[in-house]
Amino acid sequence: MRSGRIIVAGASLAGLAAAESLRANGFTGELVLVGAEPHEPYDRPPLSKTVLSGWLGTDRLLLPTTRNLNARRLLGVAATGLDLAAREVRLADGRVLGFDGLVVATGARARPWPVAQEAALRGVHLLRDRDDADRLRADLAEGPRRVLVVGGGFTGSEVASSCHDLGLPVTVAHRGAAPMASALGDLVGGVIAARQRAHGIDLRVHTTVTALEGESRLRRARLSDGDELDVDVAVVALGSLPNTGWLAGSGLAADAGGADCDPAGRALDRTGAIVPDVYIAGDVARWRHPHFDAAPQTFEHWGNAVAQAEVAGYNLVHAPANPRRTTALPAFWSDQFGLNIKSIGLPHLADEVALTQGSFDRGPFVAAHGRNGITVGAVAVNSPRVLDGYAALVTERAPFPPTINATDSPDLVVHKGPS
Ligand SMILES: Cc1cc2nc3c(=O)[nH]c(=O)nc-3n(C[C@H](O)[C@H](O)[C@H](O)COP(=O)(O)OP(=O)(O)OC[C@H]3O[C@@H](n4cnc5c(N)ncnc54)[C@H](O)[C@@H]3O)c2cc1C
């Protein structure tokens with residue numbers, strides 16, 4: 001498809017990358033970028049890192065473009081419905097736009113605190129967009145007695161780190177055995193836990209927050225361990241929910257867990273059939289990565305959003321008999337407590353973990369993750385460059401534990417059980 005009208009719903013990382021890819025691949029028709037946020041596309045990872053710790057203003061996050069997209073930008077207006085038969089997208093302001101091609105890139109939102117009255121207390125925050133970050137920063141600048149971070153996943157751990165950098169006392173309540181363990185495994189999560197505690201974070205694992213209390217302002221939190229904390233700020237970091245509500249009733253296979261597509265990004269309908277000229281990319285996309293024997297899932301990482309969007313743009317323009325597929329291994333990074341954490345593959349699938357380089361106690365390390373005797377992922381802490389070699393091992397489905405001839409390889413100990 002080189003002409004006609006393509007709508008990209010969602011004007012953030014995946015939406016912008018899809019628009020770039022469409023133009024780069026020779027689409028000369030009308031390009032419409034529809035975004036619920038009023039802002040030009042911006043980058044989210046700094047929100048929990050440099051923005052929160054005060055190094056970067058939210059006005060400095062705009063995503064760069066490498067070409068003139070010549071796109072009509074409808075910002076501050078959400079897509080509210082999709083009619084596949086008529087090939088139309090409905091907008092929140094009542095407009096209805098026809099399309100020849102569509103890219104669904106509506107991402108995800110933060111999972112809200114489940115009790116609406118408590119969520120409405122001043123001082124209770126989510127962190128997904130730049131307005132959230134501005135509000136949270138303003139609250140942190142007032143010097144709260146203590147910050148409670150609800151959930152020790154990536155966002156929660158990064159928020160804890162940024163608040164610590166600001167000199168604020170922090171409690172993290174985490175349901176699981178260790179921070180970020182659902183992505184990195186319990187063993188690496190345990191190392192992160194030790195690091196957080198060494199920085200003075202009051203980390204409570206196997207602990208949930210049972211109530212947030214106050215008149216109009218948050219004053220107290222009750223925890224499942226029986227403790228009661230005086231807190232003025234709580235950051236609810238309970239994961240995210242894909243923005244699929246506007247696709248309800250469209251016939252696309254989309255539900256609270258994501259919008260289904262194949263590895264080429266082609267949208268699937270409820271029967272599993274490919275829907276012509278409709279693509280899904282980014283955090284909203286649920287798909288089965290061709291490399292892994294695992295159930296379809298969303299991959300809520302920066303690199304995945306860009307890779308899928310590029311593939312979608314290519315396939316939508318060229319409609320090749322053998323479409324391109326997103327084959328890049330899942331990868332993400334995180335910066336916190338002086339640690340650069342980088343992950344490749346799917347460590348959470350593992351049933352075995354081995355420290356292959358460095359030391360858990362001292363300095364940088366790499367842990368390889370295996371499942372059924374195959375290397376499925378690796379996590380590097382403060383040694384990001386070595387991960388390329390591990391990516392090759394995951395790509396080759398190298399036997400686990402892999403042979404690593406590195407000068408800093410310790411005696412191999414394989415830890416069994418869920419990673
Ligand atoms: C605080 C934070 C820190 C992160 N840190 C890292 C990191 O360190 N490393 C990493 O790999 N990843 C990180 N990520 C994840 C990364 O930012 C996401 O994977 C990436 O933003 C996904 O891009 P996306 O365009 O698919 O979705 P999103 O960025 O969620 O964008 C979707 C856009 O669509 C809009 N939208 C929603 N519904 C509609 C609608 N109905 N109509 C029109 N527009 C709509 C939304 O408002 C939003 O602007 C982080 C995310 C957050 C929130």
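The values are calculated or read from the model by the stated rules, or taken from the named source; none is laboratory data. This one's a predicted model, so the numbers in the text were calculated from it and none came from an experiment. Note: ideal-geometry Cβ built from the backbone for every residue, glycine included; neighbour counts use all protein chains shown.
State whether the residues of the range 220-236 include one that is among the hydrophobic types (A, V, I, L, M, F, W, C), part of a loop (DSSP other than H, G, I, E, B) and out of contact with any Cys (no Cβ under 8 Å at 6 or more places or on another chain). Scanning the range 220-236 turns up at least one residue that is among the hydrophobic types (A, V, I, L, M, F, W, C), part of a loop (DSSP other than H, G, I, E, B) and out of contact with any Cys (no Cβ under 8 Å at 6 or more places or on another chain). Screening the candidates Leu47, Leu22, Leu31 for the property of being in contact with an Asp or Glu (Cβ under 8 Å, 6 or more places away or on another chain) and hydrophobic (A, V, I, L, M, F, W, C) yields one hit, Leu47. For the range 99-116, state whether one or more residues are within 14 Å of the ligand (Cβ to nearest atom) and either more than 22 Å from the chain's Cα centre (by Cα) or acidic (Asp, Glu) (or both). Checked the range 99-116: at least one residue is within 14 Å of the ligand (Cβ to nearest atom) and either more than 22 Å from the chain's Cα centre (by Cα) or acidic (Asp, Glu) (or both). Contact annotation: residue pairs with Cβ atoms under 7 Å, 6 or more positions apart or on different chains, pairing a residue in the range 14-32 that is under 12 Å from Asp100 (Cβ atoms) and more than 16 Å from the ligand (Cβ to nearest atom) with a partner that is of a type in the set (A, V, I, L, M, F, W, C) and part of a helix (DSSP H, G or I), are Phe27/Val317.
Just one of (1) at pLDDT below 95; (2) more than 16 Å from the ligand (Cβ to nearest atom); (3) not aliphatic (A, V, I, L, M) fails for Ser334. It is (2).
Matching residues to (1) modelled with pLDDT of 95 or more; (2) in contact with a Leu (Cβ under 9 Å, 6 or more places away or on another chain); (3) in the same structural domain as Gly377 (by TED's automatic domain parsing); (4) among the hydroxyl-bearing types (Ser, Thr, Tyr):
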{"residue": "Leu121", "(1), (2), (3), (4)": "yes, yes, no, no"}
{"residue": "Leu136", "(1), (2), (3), (4)": "yes, yes, no, no"}
{"residue": "Leu148", "(1), (2), (3), (4)": "yes, yes, no, no"}
{"residue": "Leu187", "(1), (2), (3), (4)": "no, yes, no, no"}
{"residue": "Gly190", "(1), (2), (3), (4)": "no, no, no, no"}
{"residue": "Ala193", "(1), (2), (3), (4)": "yes, yes, no, no"}
{"residue": "Arg197", "(1), (2), (3), (4)": "yes, yes, no, no"}
{"residue": "Ile201", "(1), (2), (3), (4)": "yes, no, no, no"}
{"residue": "Thr207", "(1), (2), (3), (4)": "yes, yes, no, yes"}
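Residue count for the range 392-419 under the criterion of being within 24 Å of the chain's Cα centre (by Cα) and surrounded by fewer than 17 Cβ atoms within 10 Å (Cβ to Cβ): the result is 3.
Per-residue answers, yes or no, for (1) more than 24 Å from the chain's Cα centre (by Cα); (2) farther than 19 Å from Val104 by Cα; (3) not assigned by TED's automatic domain parsing to the domain that holds Gln308:
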{"site": "Ala18", "(1), (2), (3)": "no, no, no"}
{"site": "Val32", "(1), (2), (3)": "yes, no, no"}
{"site": "Pro38", "(1), (2), (3)": "no, no, no"}
{"site": "Lys49", "(1), (2), (3)": "no, yes, no"}
{"site": "Gly54", "(1), (2), (3)": "no, yes, no"}
{"site": "Gly57", "(1), (2), (3)": "no, yes, no"}
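Count of the range 150-186 residues, restricted to those that are closer than 22 Å to Lys342 by Cβ and part of a strand (DSSP E or B), is 2. Might you check whether a residue that is within 9 Å of the ligand (Cβ to nearest atom), under 30 Å from Arg222 (Cα atoms), touching a residue at least 12 places away in the same chain (Cβ under 8 Å) and outside any loop (DSSP other than H, G, I, E, B) occurs anywhere in the range 121-135? The answer is yes, given that some residue of the range 121-135 is within 9 Å of the ligand (Cβ to nearest atom), under 30 Å from Arg222 (Cα atoms), touching a residue at least 12 places away in the same chain (Cβ under 8 Å) and outside any loop (DSSP other than H, G, I, E, B). Of the listed requirements (1) part of a loop (DSSP other than H, G, I, E, B); (2) away from the ligand (no atom under 16 Å from the Cβ), Ala138 misses just one: (1). As a summary of the residue check, Ser343 satisfies the conditions (1) within 12 Å of the ligand (Cβ to nearest atom); (2) surrounded by fewer than 22 Cβ atoms within 10 Å (Cβ to Cβ) except for the one numbered (2).
Considering only residues in the range 271-309 that are buried (at least 23 other Cβ atoms within 10 Å of the Cβ) and assigned to a helix (DSSP H, G or I), the one that is nearest to the ligand (Cβ to nearest atom) turns out to be Gly282. For Leu140, the conditions (1) within 19 Å of Asp225 (Cα to Cα); (2) buried (at least 19 other Cβ atoms within 10 Å of the Cβ); (3) more than 21 Å from the chain's Cα centre (by Cα) are fulfilled apart from (1).
Entry remark, the range 187-207: residues being farther than 20 Å from Ser162 by Cα and either touching a strand residue (DSSP E or B) at 6+ places or on another chain (Cβ under 6 Å) or part of a strand (DSSP E or B) (or both) number 3 in total.
Determine if the range 1-13 includes at least one residue that is among the β-branched types (Val, Ile, Thr), more than 12 Å from the ligand (Cβ to nearest atom) and either touching a residue at least 12 places away in the same chain (Cβ under 8 Å) or farther than 24 Å from Leu136 by Cβ (or both). Yes - at least one qualifying residue is present in the range 1-13.
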